[in-house]
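**Q** Starting off with a structure, shown below.
Computed from the coordinates by the stated procedures, all read-outs in this text should not be read as laboratory data. Note that the coordinates shown come from a computational prediction; the quantities given were computed from them, not determined experimentally. Cβ sites come from the backbone with ideal geometry, for glycine too, and all protein chains shown count toward neighbours.
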Amino acid sequence: MLDLSLFYKMAHRVRHASILKNQEWLWNLLRPFFRTILGLEKNGIKLTLSSGCEIRIPAECLSWMEWTHYELRAVKAMTDWIRQHPRAVIVDAGCSFGYFSLLALATSPEVKVIAIDADISSLIAAEKICQYHDGARRLLLVHGLLSNRHQHACTLQTAVADTTHKINQLRATFDRSKMAYVCLHDQPGNDIPLHTLDQLLETQATPGQDLLIKCDVEGAELIVLQGAVQLLDKNPALLLSVHPTLLQDYFKQSREDVHAFLLAQGFKVEFLDVEHEEHWFAEKS
């Protein structure tokens, strides 16, 4: 089997060598050749993340981000938890293009992921980058916004079917540049379903089912958690991206409000780090 992962690693190392990294004229000249070579790989390019997890992604997606150095503490927290709970259900709330969905699927072959986002282009991107880790159809995609109230009462099965229909209509015209953050404060139209986690995942948290909710919703953290109080009673682990400025600007809430809510629900909160937002990991004591 042709595997160009080593070629990519060597090229990446040369590209970022201190003496060469600023030679843009050279890289502009070589980039088409580089992409043509990588395009020969039909089984994805293998990368090793900071947590030791190996992923495979399409060669065309390599330029989307710095895959191996993204949110290091959050990546490690999720990887460690999944290794201890290899048959878990992972809810990726605000999945964007699916980085954490990919991480979960790659960490355990028995994990199931429910990825939720309000942007259809982002869901198509998630489907694309996860394709080499979804042989058993372990990735369920849901189009919609999460809140503390729902306007579109439906089962997870119905939401996935509706999303699949939308994706099938738009997949052929996918354009990565059209991906966008669509957030609760944007007050989007009725074409985007509004769900609560409790309503959407009513049948998922069965007794004995390990569950982790990763939540990155650009300031709507507390509102989403308020729509998941029944689910939180099932003792899930939480991996939260907390946005103090957006909480205040859009919803007149604070990180202290989120923290107090979690404590009242019986969670012990661990502060992981701050990058472009705060990352918290929480489990019940």
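**Q** How big is D for segment 177-285, in µm² s⁻¹ as a whole number, if Stokes-Einstein is applied with the Kirkwood radius of its Cα pairs at 10 °C and 1.306 mPa s?
**A** Numbers: Rh = 14.8 Å.
Answer, rounded: 108 µm²/s.
**Q** Could you tell me which of the pairs K76/K234; K112/K166; K46/K234 are separated by over 28 angstrom between their Cα atoms in the structure shown? Write down the numbers at each step before the final one.
**A** Details: K76/K234 23 Å; K112/K166 21 Å; K46/K234 36 Å.
Beyond 28 Å between Cα atoms: K46/K234.
**Q** Show me the trypsin sites (Lys or Arg not before Pro) within segment 113-160 that DSSP assigns to loop and that have at most 11 other Cβ atoms within 10 Å of their Cβ.
**A** Details: sites: K128, R137, R138, R149; in loops: R137, R138, R149.
Those that pass, being in a loop and sparsely packed, are R137, R149.
**Q** In terms of the Cα gyration tensor, with a ≥ b ≥ c the square roots of its eigenvalues, is segment 68-223 rounded because a/c is under 1.5, prolate because a/b exceeds b/c, or oblate? Numbers along the way, then the final one.
**A** On the way: a/c = 1.41, a/b = 1.22, b/c = 1.16.
Note, shape of segment 68-223 comes out rounded.
**Q** Still on this structure: Return W280, W81 ranked ascending by Cβ neighbour count within 10 Å, so the fewest neighbours appear first.
**A** On the way: W280 24, W81 19.
Sorted ascending by nearby Cβ count, the order is W81, W280.
**Q** Follow-up question, since we're still on this one. Could you check which residue among S50, S122, S177 shows the biggest mean-square fluctuation in a GNM of the chain with a 10 Å Cα cutoff?
**A** Largest GNM mean-square fluctuation: S177.
**Q** Could I ask something else about it? So how compact is the chain: Cα radius of gyration and Dmax in angstrom?
**A** 19.4, 59
**Q** Sticking with the crude label model, points 7 Å out along Cα→Cβ, report the distance from S254 to N28 in nm, one decimal please.
**A** Distance between label points: 5.0 nm.
**Q** Filter the trypsin sites (Lys or Arg not before Pro) in segment 233-265 to those in DSSP coil with at most 14 other Cβ atoms within 10 Å of their Cβ, and list the result.
**A** Hits after loop and neighbour filter: K252.
**Q** Which of rounded, prolate, oblate describes segment 146-204, given a ≥ b ≥ c as roots of the alpha-carbon gyration tensor eigenvalues and a/c under 1.5 marking rounded, otherwise prolate only if a/b is larger than b/c?
**A** Numbers: a/c = 2.44, a/b = 1.35, b/c = 1.81.
Cα axes put segment 146-204 in the oblate bin.
**Q** Where is the GNM fluctuation largest for the chain (alpha-carbon springs, 10 angstrom cutoff): R13, R87, R176?
**A** R13
**Q** At a 10 Å Cβ-Cβ cut-off, how would you order F100, F281, fewest neighbours first?
**A** F281, F100
**Q** Considering only DSSP beta bridges with both partners in the chain, what is the antiparallel share in %, to the nearest 5? Walk me through the numbers before you get to the answer.
**A** On the way: 16 of 37 bridges.
Approximately 45 percent, going by the DSSP bridge assignments.
**Q** Moving on to the next point. Rank the residues V182, V274 as a footprinting-exposure proxy: fewest other Cβ atoms within 10 Å of their Cβ go first.
**A** Ranked by crowding around the Cβ, least crowded first: V274, V182.
**Q** Between S285 and R171, what FRET efficiency comes out of the Förster formula 1/(1 + (r/R0)^6) with R0 = 41 Å and r the beta carbon distance, rounded to 0.05?
**A** 0.40
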